[in-house]
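Below: the structure, in structure tokens.
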Amino acid sequence: MSASSISKSGTWTSFLKSLASFNGDLSKLSAPPFILSPVSLSEYPRYWADHQEVFVEPSLIDNENYKQRCSCDKNVESPEMARMLAVIKWFICTMRSQYASRTEKQGNEKKPLNPFLGELFVGKWSNKDDPSLGETILLTEQVSHHPPITGYSILNDKHNIRFHGYNHLKTSISKTLTLNVKQYGHAMLHIRDDDETYLITLPPLHIEGILAASPYAELEGRTFIQSSTGLLCSIDYSGKGYFSGKKNTFKARIFKDPKQVDDKTKATYTINGQWSKQSTIVKHDPKLGDSEPKLFFDAELPKVCELYVKPIEEQHPLESRKAWKDVADAIIAGDMSLISKHKTALEEKQRAMRKEEESEGRVWQTRWFNCVNYDLEESASSSEDGSSMIGPTEEDQYLALAKAFNLSTKNVPSGTLAHEKHHKKADLTSLHWRFVRENWDNDKDIIA
Ligand SMILES: CCC(=O)OC[C@H](C)CC[C@H]1O[C@H]2C[C@H]3[C@@H]4CC=C5C[C@@H](O)CC[C@]5(C)[C@H]4CC[C@]3(C)[C@H]2[C@@H]1C
């Protein structure tokens, strides 16, 4: 059925009517089968690293090879700048995976399964066709169901790459049936033995085309990449119909002094283009002026690496594809009554578990992630009573990196700066989820 015929069908028009009472809770929406994805949102962090070569590259740049490895500027001034450029290339590369790959593959966005509390997703890129990359492991955990929060960790021990983050979504529907998505949370990329760290914020997005039954994502707003080397990259997004006219447009600027982030004349490089296609880079030299634009990245070139996920029979009951199998099969079969039967069964099991915990005065214990309260003083790496609420550990670089560019460390939309209105709201908490590597290392029940 084409999108245009779907958009005129009875099921879609009644779905659109149901959107009028959408209250932001995606789990309450019963969308028609053809718009449901058999994939859980807990699998989406895979998009941070499904181009393994690009993901590993920043870790391969050192004091000897930085000029020759920096394909967009052979005269790059330092290894730190070369690594920042490689991190930006990786970040832009993930944008296409995160926000355009499903539409490219299946024609439009679909509604992913809503992860249950404690849902796990484990995968690995073995990189057999390029062993020099080493093996990368993907771990995700639904650390909260209300509100929905997914923790994720991507580890490549061969190159000492640790990428951890969490994602919390707040959604709303506009009068024109555009789904507005604010992302809360952030990610931290740690590379090299001296633990060079990059704090990465997440862009707001909106889903257009719902009226026409062919929804697709477009980014907006601004994200930041703050390096522990002092370098800062700020990226602005816009789409079709904005000043640029092209979909998936971005403009990135690199600053040596994060405090100058709003003075574009102080940028060392400006990168322009589409995060789903090509982008070019200009170097601003105080003496030589601006360089000619040069190709920075072509997002359609790097190949997607196969993620290995254990067969369902080898999975733990909390692992996503095992837990959702009956629902996923019913969605693939397009059988609405079977979908709601199996979905209801899973939801009732969850409700029963929450009731039992409540009657026993217990709360669900998260497995690989801790919730850190950044309003608390520095504390040891684990709390005495085993609760998951602790203060930051001394090696935690989050506060220092946030301070460098005045990022709010409160629970506000990702990328909010401390002088912006969201940060001024009263009673804001500063709770952020952190991966605990030893919990994964000591986990005897789950293997990658
Ligand atoms: C409320 C209206 C509704 O359900 O409409 C259903 C429509 C088919 C489309 C809505 C769904 O579109 C999906 C796109 C999903 C985002 C895609 C990429 C990412 C990046 C990743 O790093 C974090 C998750 C995120 C933000 C996904 C969140 C969920 C989105 C918006 C799905 C929508 C429910």
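The values are calculated or read from the model by the stated rules, or taken from the named source; none is laboratory data. For clarity, every value in this text was computed on a predicted model and none was experimentally measured. All Cβ positions, even for glycine, are placed from backbone atoms using ideal geometry, and neighbour counts span all protein chains on display. SASA here: full protein model, heavy atoms, side chains in, ligands and nucleic acids out. Shrake-Rupley method; radii C 1.70, N 1.55, O 1.52, S 1.80 Å.
One table, with the values for the structure above:
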{"read-out": "Full-stretch length increase - LEU376, LYS424 - with 0.36 nm per residue and alpha-carbon distance subtracted", "value": "15.3 nm"}
{"read-out": "In Hz, Karplus ³J(HN,Hα) per residue of region 414-423 (6.51, -1.76, 1.60; θ = phi - 60°; x = Gly, Pro)", "value": "3, x, 5, 8, 5, 9, 8, 4, 4, 6"}
{"read-out": "Percentage relative contact order, the chain, counting C-alpha pairs under 8 Å, at least six apart", "value": "15"}
{"read-out": "Translational diffusion coefficient (Stokes-Einstein; Kirkwood radius from C-alpha pairs) of region 18-73 at 25 °C, 0.890 mPa s, in µm²/s", "value": "156"}
{"read-out": "Degrees separating the helix 336-359 axis from the principal Cα axis of the chain, which is the longest one", "value": "80"}
{"read-out": "Efficiency of FRET from Cβ geometry, LEU60 and LYS128, R₀ 25 Å, rounded to 0.05", "value": "0.85"}
{"read-out": "Whole-Å distance, taken between Cα centres, linking region 44-121 and region 431-448", "value": "23"}
{"read-out": "Mean-position separation - Cα centroids, region 175-226 and region 242-276, in angstrom", "value": "16"}
{"read-out": "Förster radius 22 Å - calculated FRET efficiency between THR344 and TRP364, Cβ distance, rounded to 0.05", "value": "0.60"}
{"read-out": "Residue-averaged 222 nm ellipticity for the chain, from DSSP H runs of 4+ at -39500 (n - 2.57), nearest 500", "value": "-7000 deg cm²/dmol"}
{"read-out": "Tail weight of P(r) past 18 Å, computed on alpha-carbon pairs of region 219-262, percent", "value": "34"}
{"read-out": "Per residue, in Å², the accessible surface of the chain once ligands and nucleic acids are set aside, probe 1.4 Å", "value": "46"}
{"read-out": "Surface share of carbon and sulfur [accessible, 1.4 angstrom probe, percent] for the chain", "value": "54"}
{"read-out": "DSSP-loop trypsin sites (Lys or Arg not before Pro) across region 1-93, with at most 12 other Cβ within 10 angstrom", "value": "LYS74"}
{"read-out": "For LEU36, distant residues with modelled amide H under 5 Å away", "value": "LYS111"}
{"read-out": "Inter-site label distance for ASP445 and SER30 at 7 Å from Cα along Cβ, in nm", "value": "3.3"}
{"read-out": "Loop sites in region 294-375: GluC sites (Glu not before Pro), DSSP, at most 15 other Cβ within 10 Å", "value": "GLU300, GLU306, GLU360"}
{"read-out": "Linear extension gain, MET353 paired with GLU53, 0.36 nm per residue minus alpha-carbon span", "value": "103.8 nm"}
{"read-out": "Gyration tensor (alpha-carbon) shape descriptor, region 181-265, a/c threshold 1.5", "value": "oblate"}
{"read-out": "Angle between the chain longest axis and helix 10-19 axis [Cα atoms, degrees, rounded to 10]", "value": "70"}
{"read-out": "For region 101-114, Karplus couplings with θ = phi - 60° (6.51, -1.76, 1.60), whole Hz, Gly/Pro x", "value": "5, 6, 5, 4, 7, 10, x, 6, 6, 10, 8, x, 5, 8"}
{"read-out": "Kirkwood-Stokes translational diffusion coefficient of the chain, alpha-carbon pairs, 25 °C, 0.890 mPa s, µm²/s", "value": "106"}
{"read-out": "Region 277-311-region 146-161 distance, computed between alpha-carbon centres (Å)", "value": "24"}
{"read-out": "Contour minus Cα-Cα distance for LYS105 and SER174 (0.36 nm per residue)", "value": "22.2 nm"}
{"read-out": "Hydrodynamic radius by Kirkwood, which averages 1/r over all alpha carbon pairs of region 369-441, in angstrom", "value": "13.2"}
{"read-out": "Vicinal HN-Hα couplings computed from phi for region 389-403 (Karplus, 6.51 cos²θ - 1.76 cosθ + 1.60; Hz; Gly/Pro x)", "value": "9, 9, x, x, 7, 5, 7, 6, 9, 4, 4, 5, 5, 5, 5"}
